[in-house]
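Working notes, structure below.
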């Protein structure tokens, strides 16, 4: 017996409920569907909902809660063997028992108390699943009976069913809000804990970033410094390089595609550009680290420049290539939204096409273009994989694109990948950086979306 | 005179303006060429680097399977067969082919020519067919990654290199005897990850990706469509729905790594879900793709003309019936296209999965959504970080495979759009 079995029985019951409800409805109307308030299948759905919803909710609560209860029963049954252990040791012990019960290899499989406990656990699990079966099926059958009883000729089954549907749709639309709240709260809590360990002024104004924390109290260099300035400087440097590549190329591509290219060529080139946006960032990262960075290094050496092998230039260039389609497709939309009358007016005064673009279309589309560039900037700031693979790890406060710099996202990844205790300042610092990243991109996005929207309204 | 000069001036000005026009147009063409050139360079680079990984070097060896070693006393017993010394048989065959290798050091470097995977292959063959015991069989032993790279010309022999000049001479002997063969690299497609490049494969990561995508689509598609229906068809225009709308647009532009932090703090630390599992990865990616799907679905729903709705209302349909029976089926191709594009983006996503521990080194093929697993892009990241030369081509090959998946998904989306697109 397992939750799986209970689920199958439940599905069978739900299906039966549908047919029973339908049949009951037709019965109450003496076979003439005309007399019913709703179509017969709504009565079926009504019974289905009554059967399924309470049972599924019970099941969804029971299945994740059962292990917790069983663990506490186990601890109680172990008695003096469990008392006197700290929480880590207790977790280890429980894990051993669980492994033995599951038939996995465990280091303590020969310990009689563990075997006894494992057997108890197996027994309780069976008991729990039996209870689950009884309770969910009981709820399902009770729901089915109640709903079936309620069916009558004048019952508004459709309205009841639609109310439930409506509620489901509404709840689905809340998920996006919940996600945002989840992001803000989780980042905020960890950040507050971080600032309990590291003063906020250090995070904001200290120029040095060396996030090591002590494993032992007497360690050399046990205190880390968490000054995020150099990280933001590095992020800005790489973003700036990316924008220097992406904005002119993307904008000119958009202008060419929307103003000059014949329709047929445009239909081929535009999707081709979009492919660039569809390539996973890890591929760009690999390309940057494997091909672009060595190429730039080699080229720098040939003219006598000292280029770091993880130079900001390589990461920025490749990131710029990645951003091109964002700039071009957004500006394309914006340029297309400029009314034809403005173009016609300009041509009528004798302006050439390029003069029209430069002196009429771009000024008219300027707010929209700024908006799309801002969105691209926010994208570049939050981009992770390219910089993780191609930029450096050590913080470096510089504006020389040939040196290695590190970014906010790189530090988040390096702080969190690998084994970490959850409470150290090092781990918490990643959340503080995450919050800063979230805030910066949020502000950029809001400004950008506002500008684009306002601009659209102007010409609609 | 003045008339002439002003005319000349006008002609000159016009020439200048036309030249500016041509220049401007040229800038456009150059920009497009830069973008597309970068695209070609990137894909060409991956193809050139990754192509060779689809072939793998094998060393053909005749291996004697002595009866007294594998089945002492003529009794065939699975336990003995499992623990028999297959390495020794392979090594003996190797020594037979290269005479004159006597010193311990030379022997050891000779044995390094074949991969540890060859032993397993031999064992599996014997276990599958015990009649082979006592006979001499021909086996294609997987060559070690250094031999493979040497044969492919990616590394050169010599002092300090991965292949010594002695080893190079042995390889030459073997290849003169026709014992070196390049075959299609099935390991790449059928194995999980490995520290040995010649044994490392993407099958584990592919299954991990499929499981993760399964969770992602299962969650984000119904939720996204439901949310879009509510916002587009039922929600009253007020402050609250305005907030939801702004929120969705912003969520679509939140850096993906932030979703990873959310997953780490909420699903791993708070709810205690298993680390590295496709379940958590799928949930995180679902939250990330949700805004994309909602925006695409809303666009598809609003493209259905009001006349359809009005006709349905006129026939006495309830608002819910109008949407579920008439508007939604008509909007469905557009919704599906948006979902596929969102799923393709999720398939290529790496950063949030690093945060929830899907970056662990996992050899086993995951069997369920709670098993530890990794996904294709993360596998690429892991291999790209590995120092062995042979992982470079495998990384590029994995990239090609991932790109193939993505192109296929996008093609399906394009075909769906072309096939079902309706202009009202």
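General remarks:
- Counting only other chain Cβ atoms within 10 Å of each residue's Cβ, the peptide A:162-173 averages 6.
- The smallest convex shape that holds all Cα atoms of segment A:3-155, its convex hull, gives 107 Å³ per residue.
- Remark on segment A:293-361: hydrodynamic radius 15.4 angstrom, per the Kirkwood mean of 1/r across alpha carbon pairs.
- Cα gyration tensor category, rounded, prolate or oblate, for chain A with a/c compared to 1.5: oblate
- Peptide ranges B:241-254, B:278-291 listed from the most packed, as the mean C-beta count within 10 angstrom indicates: B:278-291, B:241-254
- Legend: calculated FRET efficiency, residue B:308 to residue A:370, from the Cβ-Cβ distance at R0 = 35 Å, rounded to 0.05, equals 0.35.
- Binned Cα-Cα distances of segment B:203-420, short to long, each 10 Å bin given as a whole percent: 8, 29, 31, 20, 9, 3, 0, 0
- Counted by neighbouring Cβ atoms within 10 Å, the residues A:389, B:55 run from fewest to most as B:55, A:389.
- Likely footprinting exposure, A:286, A:5, A:195, B:221, fewest C-beta neighbours within 10 Å first: A:5, A:195, B:221, A:286
- Residue-averaged beta-carbon neighbours from other chains (10 angstrom radius) around B:216-226: 2
- Relative contact order of segment A:225-459: 29 percent, from C-alpha pairs under 8 Å at least 6 residues apart in sequence.
- Gyration tensor (Cα) of segment A:288-441, equivalent ellipsoid semi-axes in angstrom: 40, 23, 11
- Descending principal axes extents, the protein assembly as shown, alpha-carbon based, whole Å: 112, 97, 61
- In this simple spin-label approximation, residue A:33 and residue A:342 carry label points 7 Å from Cα along the Cα→Cβ vector, and these lie 5.7 nm apart.
- A Förster radius of 22 Å combined with the Cβ-Cβ distance from residue B:51 to residue A:274 puts the calculated FRET efficiency at roughly 0.30.
- Value of relative contact order over chain B, rounded to a whole percent, pairs C-alpha under 8 Å and six or more apart: 19
- For the peptides A:176-187, A:367-378, residues were scored by their other Cβ atoms within 10 Å and the scores averaged per peptide; the highest-first order is A:367-378, A:176-187.
- In this rough spin-label picture, where each label sits 7 Å from Cα along the Cβ direction, the residue A:115-residue B:168 distance is 6.2 nm.
- Rough spin-label spacing in nm, given labels placed 7 Å along Cα→Cβ, for residue A:458 and residue A:126: 7.6
- Cα shape, chain B, gyration tensor, a/c 1.5 rule: oblate
- Of the peptides A:262-272, A:201-211, the order by per-residue mean of other Cβ atoms within 10 Å, starting with the highest, comes out as A:201-211, A:262-272.
- Using the Cβ-Cβ distance between residue B:404 and residue B:41 with R0 set to 22 Å, the FRET efficiency works out to roughly 0.75.
- Neighbouring partner chain Cβ atoms per residue of B:313-319, average, 10 Å criterion: 1
Every read-out reported here was derived from the displayed coordinates using simple, explicitly stated rules and does not represent laboratory data. Computed from a predicted model, the values in this text were never measured in an experiment. Neighbour counts run over all protein chains shown; Cβ positions are idealised from the backbone, glycine included.
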